[in-house]
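The values are calculated or read from the model by the stated rules, or taken from the named source; none is laboratory data. Since the structure is predicted, the reported quantities are computational estimates derived from the model, not experimental observations. Counting neighbours? That spans all protein chains shown, and the Cβs are built from the backbone with ideal geometry, glycine included. When the accessible area is computed, the model is the full protein with side chains, heavy atoms only, and any ligands, DNA or RNA have been set aside. Shrake-Rupley method; radii C 1.70, N 1.55, O 1.52, S 1.80 Å.
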Amino acid sequence: MSWRPERAIVPVPLSDATPATAPRVFPLSFTHSANRAVDAAPFTDGSVRLFDRQDLNILSIIPTKPGETCALGLDYGACFSRQTPHLLFTHSNQNTIRLWDTRSRECLNVITNDTPITCIDVNSDDTTLACGGEENLYFWDLRAMALRSCFSDSHSDLVTQVRFHPTNPNQLLSSSLDGLVCLFDLSLGGEDEALTTVINAETSVSIANFFGPQYENVLVLTAIETLSVWNAEHGNRMLDLKNARAMIPAPTEQGMVDYFVDAHYDSATQHICTIAGTHAGVLHIAQVAPTGLNTMFVLEGGHTDTVRCIEWDCEPGVIMTGGEDGKICRWAFY
Amino acid sequence: MSKIDSATLQQSIAGIREAAAKKPRKFVETIDLQIGLKGIDPSTDKRFSGSIVLPFCPCPRRTVCVFADAAHEGEIKKLAAAGTIIPMQTVADLKKLNKEPKPVKKLGMKYSMFLASDSLFKQIPRLLGPTLNKMGKFPTVVGTRENLAQKCNEMKSTVRFQLKKVLCLGVPVAHLGMSNEEMTKNIVLSINFLASLLKKGWQNIRHVHIKSSMGPSFRIY
């Protein structure tokens, strides 16, 4: 019994987006719709591809910057509405956020921010859209489609992620290259009041997310491949793995995994799993324990290059991965 | 593992020393590591940014101030009696600042970095507001059981690197007051660490130079 790639697709690059020197086209992240039937993946060619979760059929392709088909890079992405399955927000590394109806592929609304945006998220009751920028955080009221507030003091470098709490619409975390993860309670007022906890990871943060039975903890992965676990309320560090890569043996030149893709929280078993990869496309799934990382299983045979993103849904047990080889794979347990 | 030729490195260090001896400056020159990369697209590849803790402190003039609780206050007083002075601020001192941006900023300007006792850590955003975040000086947490002097040293020995839109980056790794051996260790450790984070390791490195603040640069790879 093992996990095997069940289905894989290589989405065809947009025809007019592939000059001779075209950069490679691959997915950067996954986001799923409110009813978990459809997944959206922003690609490096500046499009967002929507596909059916069951058979990976491409349903539609949405350009994040209509009329322009240049490579946009890391700083763009997509986020589904939390309550309406067919509403999708996309942002480019320019100043605009677009709201799309995924059924008709129509752009319903355009929000223009005054500075470039690097990441977005929508809160659990669909009232607020948070955007991270080069130093600032912006909050848009989605009912009035108006800028509600801008927090300019909390970070001193590019914001890598904004994430709302899965159930509390007022709680938000933001992570930045300056090494800080800030937690806000937006119901408390302006920036000075709303900033409740600051976590200092001491080095550039690439991924931060809520986890735990009540989502009361925060897991932080840094750009130098360290892993730490913090309590969101008190800001105290519960676990710090400075040498996290060395805890997962892999058959590479260095004898360990090369990097971390993401982390996943399994609410049924209350385990945190990290997904670590090698640049040859093999993924090692390891459970985070107080003493370190214990490898649980390996995903191999699906990718031939660095895997960049993973979507892991416990109910009904779906794992999807996207890699720099341009492939999207769905895995099944045989 | 390392692809740095130790003979070239020693020659370069000697060259830097010679240039510095020819024209002495009124400060201790820092030695920077300058790295050119290749085969990397900063717009789509994983972010290349972070920090390295070096075995020997490259910036000895950095100052660390501790936001201390009662236990750490005692430890700092003991250290001060033994001759190691670590500046500190107690909760009472921080409360006096009244969360006003100006005094907090003044405090932030006075020191290069901050540490905070873990029991106090949670209160800091409440006490000081987001001003220190903006300055990039938000304190690092230090546990009661950790050795305070050692933690301060580790903080002083941490250097940051970040790849932005161009394919080169510079990191301060040493200074002229160090012995050749200390320099070598710092330089080799930094390059090896950076190479381990790159997708193709050494194949992503185009060239490496070392250079003192005012002197010429020497190619070591």
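Might you check whether a residue that is buried (at least 19 other Cβ atoms within 10 Å of the Cβ), touching a residue at least 60 places away in the same chain (Cβ under 8 Å), closer than 24 Å to A:TYR259 by Cβ and within 10 Å of another protein chain (Cβ to nearest Cβ) occurs anywhere in the stretch B:185-194? Even if it seems obvious, please write down each step before you answer.
So the first thing to find is which residues in the stretch B:185-194 are buried (at least 19 other Cβ atoms within 10 Å of the Cβ), and the list is B:186-187, B:190-191, B:194.
After this cut, where a residue has to be touching a residue at least 60 places away in the same chain (Cβ under 8 Å) as well, the list is B:186-187, B:190-191, B:194.
Restricting the remaining residues to those that are closer than 24 Å to A:TYR259 by Cβ gives B:190-191, B:194.
If we keep only those that are within 10 Å of another protein chain (Cβ to nearest Cβ) as well, we get B:194.
Yes, the stretch B:185-194 has at least one match.
Within the stretch A:174-195, track down each residue that is open to solvent by 40 Å² or more (accessible area, probe 1.4 Å) and within 10 Å of chain B (Cβ to nearest Cβ).
A:ASP192, A:GLU193
List the strands (runs of 3 or more DSSP E) that sit entirely inside the stretch A:81-173 and contain at least 2 residues that are buried (at least 22 other Cβ atoms within 10 Å of the Cβ).
Details: elements: A:87-91, A:96-101, A:106-112, A:117-122, A:128-133, A:137-141, A:146-151, A:159-164.
The qualifying strands (runs of 3 or more DSSP E) are A:87-91, A:96-101, A:117-122, A:128-133, A:137-141, A:159-164.
Go through the stretch B:195-221 and count every residue that is open to solvent by 50 Å² or more (accessible area, probe 1.4 Å), out of contact with any strand residue (DSSP E or B) (no Cβ under 8 Å at 6 or more places or on another chain) and away from chain A (no Cβ under 14 Å).
2
Residue check: is B:GLU100 among the acidic types (Asp, Glu) and more than 11 Å from chain A (Cβ to nearest Cβ)? Spell out the reasoning first.
Numbers: among the acidic types (Asp, Glu): yes; more than 11 Å from chain A (Cβ to nearest Cβ): no.
No, not satisfied.
Does A:VAL198 qualify as being within 22 Å of the chain's Cα centre (by Cα), of a type in the set (Val, Ile, Thr), surrounded by fewer than 24 Cβ atoms within 10 Å (Cβ to Cβ) and not in a loop (DSSP other than H, G, I, E, B)? Steps first, please.
Values: within 22 Å of the chain's Cα centre (by Cα): yes; of a type in the set (Val, Ile, Thr): yes; surrounded by fewer than 24 Cβ atoms within 10 Å (Cβ to Cβ): yes; not in a loop (DSSP other than H, G, I, E, B): yes.
Criteria met by A:VAL198.
Would you check if there is a residue in the stretch A:203-223 being of a type in the set (A, V, I, L, M), open to solvent by 20 Å² or more (accessible area, probe 1.4 Å) and under 17 Å from the mean Cα position of the chain (by Cα)? Before the answer, list the steps.
Initially, the stretch A:203-223 is screened for residues of a type in the set (A, V, I, L, M), giving A:205, A:207-208, A:218-221, A:223.
Narrowing further to those that are open to solvent by 20 Å² or more (accessible area, probe 1.4 Å): A:207.
Remaining after also requiring under 17 Å from the mean Cα position of the chain (by Cα): A:207.
Yes - at least one qualifying residue is present in the stretch A:203-223.
If I go through the stretch B:11-25 residue by residue, how many of them are of a type outside the set (Gly, Ala, Ser), in a helix (DSSP H, G or I) and either touching a residue at least 40 places away in the same chain (Cβ under 8 Å) or touching a Lys or Arg at 6+ places or on another chain (Cβ under 6 Å) (or both)? Before you say what the answer is, go through the steps one by one.
Applying the first criterion (of a type outside the set (Gly, Ala, Ser)) to the stretch B:11-25 yields B:11, B:13, B:16-18, B:22-25.
Narrowing further to those that are in a helix (DSSP H, G or I): B:11, B:13, B:16-18, B:22.
Going one step further and asking which of them are either touching a residue at least 40 places away in the same chain (Cβ under 8 Å) or touching a Lys or Arg at 6+ places or on another chain (Cβ under 6 Å) (or both), we end up with B:11, B:13, B:16-17.
Within the stretch B:11-25, residues that are of a type outside the set (Gly, Ala, Ser), in a helix (DSSP H, G or I) and either touching a residue at least 40 places away in the same chain (Cβ under 8 Å) or touching a Lys or Arg at 6+ places or on another chain (Cβ under 6 Å) (or both) number 4.
Among the residues of the stretch A:107-132, which ones are at pLDDT 85 or above and among the acidic types (Asp, Glu)?
A:ASP121, A:ASP125, A:ASP126
Test each condition in (1) hydrophobic (A, V, I, L, M, F, W, C); (2) modelled with pLDDT of 90 or more; (3) surrounded by 15 or more Cβ atoms within 10 Å (Cβ to Cβ) for B:ALA14 and report the one that comes out false.
With respect to (1) hydrophobic (A, V, I, L, M, F, W, C); (2) modelled with pLDDT of 90 or more; (3) surrounded by 15 or more Cβ atoms within 10 Å (Cβ to Cβ), B:ALA14 is out only on (3).
I'd like the full set of residues that are open to solvent by 40 Å² or more (accessible area, probe 1.4 Å), under 22 Å from A:ASN168 (Cβ atoms) and at the interface with chain B (Cβ under 8 Å from one of its Cβ atoms), limited to the stretch A:234-261.
Listed by number, the residues that qualify are A:HIS234, A:ASN236.
Cβ-Cβ under 8 Å, sequence separation 6+ or interchain: first residue in the stretch B:38-52 and within 7 Å of chain A (Cβ to nearest Cβ) and assigned to a strand (DSSP E or B), partner surrounded by 16 or more Cβ atoms within 10 Å (Cβ to Cβ) and acidic (Asp, Glu). Which pairs?
B:SER51/A:GLU202
Please go through the stretch B:17-29 and pick out each residue that is open to solvent by less than 50 Å² (accessible area, probe 1.4 Å) and more than 22 Å from the chain's Cα centre (by Cα).
Here is the first cut: in the stretch B:17-29, the residues open to solvent by less than 50 Å² (accessible area, probe 1.4 Å) are B:19-20, B:29.
Answer for the stretch B:17-29, where residues must be open to solvent by less than 50 Å² (accessible area, probe 1.4 Å) and more than 22 Å from the chain's Cα centre (by Cα): B:ALA19, B:ALA20.
Quick one: how many residues across the stretch B:131-156 are in a helix (DSSP H, G or I), more than 10 Å from chain A (Cβ to nearest Cβ), among the polar types (S, T, N, Q) and in contact (Cβ under 8 Å) with a residue 12 or more places away in the chain?
Going through the stretch B:131-156 one residue at a time, the tally reaches 1.
Quick check on my filter: what residues within the stretch B:47-67 are crowded, with 20+ Cβ neighbours inside 10 Å and over 19 Å from B:ILE191 (Cβ atoms)?
B:VAL64, B:CYS65, B:VAL66, B:PHE67
Can you confirm whether B:ASP32 is outside any loop (DSSP other than H, G, I, E, B), open to solvent by 10 Å² or more (accessible area, probe 1.4 Å) and in contact with a Pro (Cβ under 9 Å, 6 or more places away or on another chain)? Spell out the reasoning first.
Working: outside any loop (DSSP other than H, G, I, E, B): yes; open to solvent by 10 Å² or more (accessible area, probe 1.4 Å): yes; in contact with a Pro (Cβ under 9 Å, 6 or more places away or on another chain): yes.
For B:ASP32, the condition - outside any loop (DSSP other than H, G, I, E, B), open to solvent by 10 Å² or more (accessible area, probe 1.4 Å) and in contact with a Pro (Cβ under 9 Å, 6 or more places away or on another chain) - is met.
Restrict the check to the stretch B:166-184 and report whether at least one residue is in contact with a helix residue (DSSP H, G or I) (Cβ under 8 Å, 6 or more places away or on another chain), within 10 Å of chain A (Cβ to nearest Cβ) and not in a strand (DSSP E or B). Even if it seems obvious, please write down each step before you answer.
The first filter runs over the stretch B:166-184 and keeps only residues in contact with a helix residue (DSSP H, G or I) (Cβ under 8 Å, 6 or more places away or on another chain), leaving B:171, B:173-174, B:176, B:178, B:180, B:183-184.
Then keep just the ones that are within 10 Å of chain A (Cβ to nearest Cβ); that gives none.
No, every residue in the stretch B:166-184 fails to be in contact with a helix residue (DSSP H, G or I) (Cβ under 8 Å, 6 or more places away or on another chain), within 10 Å of chain A (Cβ to nearest Cβ) and not in a strand (DSSP E or B).
From the residues in the stretch A:278-309 that are within 14 Å of another protein chain (Cβ to nearest Cβ) and in a strand (DSSP E or B), which one is farthest from A:ILE207 (Cα to Cα)?
It comes out as A:VAL307.
Consider only pairs whose beta carbons are under 6 Å apart and that are at least six residues apart or on different chains; among these, list those whose first residue lies in the stretch A:310-332 and is open to solvent by 10 Å² or more (accessible area, probe 1.4 Å) and whose second residue is of a type in the set (Lys, Arg) and at pLDDT below 90.
Pairs found: A:ARG330/A:ARG7.
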